[in-house]
Amino acid sequence: MDDDHTLTKTRPISSDLNESSTESRGSTSGAIGASPVCDVDVVSPSQTGHTRKEYVIMPPEEKLKHFDSRAQALADSQQFDACIQDLVRCVALTRLVYGDRHLKLAQAHARLAKAYLQFKGWGLQAQQHSSLARELLPFCSPLSSSRDERLQVLTCLLSIHLTQGGAALLTAHLEEAESSYLKAEQIQEELHQQGGINHEEKKKTELEISTSLSRVYQRQGRPAEALGQCEMSLQLLEGRGKPEETCSVYRDMAAIEQAQGCLDKAIEYLSKAHAIAVSQSPGGLDGAHISHSLALLLSTAAETHHNDSAGQYFEQSLSAYKNSVDQQDAAFLTVQDDFCRFLLLNGQKERCAEIQRSSLALKRSTFGDLSTEVADTLQLIGGVEMTQGRIRQAHRSMSKCLEIQSFMYGPQHKKTRATQKTVDMLARAPEVAERRSRQGSGKTRPPFSAVVPSYVKEGNSNISDS
């Protein structure tokens, strides 16, 4: 299948429709009197289950029906790119079949907008297609229209406002997001009163709105209103058997409380989220992620009794990540580094250094020999060795760190200069000076900033100078 609609976030929105309009070759897009037969030569007949001849003479109405049902099947099987391709074709074919000012065309735009937001997270495309749908609706809802048509218009309008709210939240247009969600709230109430949606559909929409509004209010610095929306979400979720969504709400509440400095409340909510995640999938990635968050939160609390719990949650998180991902995974290494900082703050220097030494090879393999992660690890190891009085080893570790920082940042960068001072200080220690004197046999070693690391000579670097 040709990629007749493939988009980037910066492409003009008209391009996907113009390209899809090539499906109606030989006819004008949207012309009411267009030929009833169109040749969609961007799709091979085998992809539709028809022979070439049958496919060529297939009326556009049948092609629209085919792509419409196939788009849904592709969405169900999570083939999102292919689904969006078919939805773009549906927009072009709908315009061909029904004309430029028809409810069906507004619905096609609204459906495509929702797909862009949900499947790709592309706020710009979602915003523009939902706006096109919104512009069409005044032409689709004359006063003489039937009750069914009015309900279809309201349903389309609800989808438009939900999509526009999500797109605005994604692009940080918070006032617009709030306005769209509040309008959606009014429309779904009206739609429910007129029998357009049942009670279950209404609760589902209310949950989407309340969850989204809580995030809008949180980012606007309105914590009381954000928590109020979270409470509403929990009420809507009660008895519905949606543990993942309930867990997500508790995590939102924890983030809101933490931002206000209410650590006890944040710990309470995050603990509830953790209990749900672990009960649903013991040793799973969700539990690992929440364990990590909970460990960080507990380690910042003033009460000393939280330290033991923090250590346990770090261990749980690392264990879960080991079971779910490779130890070279960036998430695992991040948790391990946070755990080491925790150990260092609690006086467990030797264990911290031991873990960091064992992770060095993994970090070189994952991030590259010349990387911030490797430099930071060497610096931490060197710092621990300094506090233990192992000056010669500390000098070696800090020197390797300096070589990487000099290559990555240059000799004048503040990180490089700070490490250079530490290395110079260590070099003046008797055991280091004596050793360097023996090794150098009177020769002066070039400055560290001029030394090209061995990793570069061997061609093993995979991190560029930043």
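The values are calculated or read from the model by the stated rules, or taken from the named source; none is laboratory data. Please read all numbers here as calculations on a predicted model, not as lab measurements. So basically every Cβ, Gly included, is an ideal-geometry build from the backbone, and we count neighbours across all protein chains shown.
From the list Ala92, Ala126, the lone residue that is closer than 28 Å to Ser212 by Cα and crowded, with 21+ Cβ neighbours inside 10 Å is Ala126. Determine, yes or no, whether Val97 is assigned to a helix (DSSP H, G or I), of a type in the set (A, V, I, L, M, F, W, C) and either closer than 23 Å to Gly166 by Cβ or in contact with a strand residue (DSSP E or B) (Cβ under 6 Å, 6 or more places away or on another chain) (or both). Against the criterion (assigned to a helix (DSSP H, G or I), of a type in the set (A, V, I, L, M, F, W, C) and either closer than 23 Å to Gly166 by Cβ or in contact with a strand residue (DSSP E or B) (Cβ under 6 Å, 6 or more places away or on another chain) (or both)), Val97 does not qualify.
Selection over region 332-365 of residues that are of a type in the set (A, V, I, L, M), surrounded by 15 or more Cβ atoms within 10 Å (Cβ to Cβ) and either over 24 Å from Gly284 (Cβ atoms) or without any contact (Cβ under 8 Å) to a residue 12 or more places away in the chain (or both) gives a count of 4.
Of all the numbered requirements in (1) surrounded by 19 or more Cβ atoms within 10 Å (Cβ to Cβ); (2) in a helix (DSSP H, G or I); (3) not hydroxyl-bearing (Ser, Thr, Tyr), Glu190 misses one, and that requirement is (1). Return yes or no: is His109 buried (at least 24 other Cβ atoms within 10 Å of the Cβ), in contact (Cβ under 8 Å) with a residue 60 or more places away in the chain and in a helix (DSSP H, G or I)? Considered against the rule, which asks whether it is buried (at least 24 other Cβ atoms within 10 Å of the Cβ), in contact (Cβ under 8 Å) with a residue 60 or more places away in the chain and in a helix (DSSP H, G or I), His109 comes out as no. Being within 31 Å of the chain's Cα centre (by Cα), surrounded by fewer than 22 Cβ atoms within 10 Å (Cβ to Cβ), touching a residue at least 24 places away in the same chain (Cβ under 8 Å) and not assigned by TED's automatic domain parsing to the domain that holds Ala330 holds for only one residue in Leu370, Leu380, and it is Leu380. Residues in region 256-309 that are under 26 Å from Cys340 (Cβ atoms) and hydroxyl-bearing (Ser, Thr, Tyr): Ser271, Ser291, Ser293, Ser299, Thr300, Thr304, Ser309.
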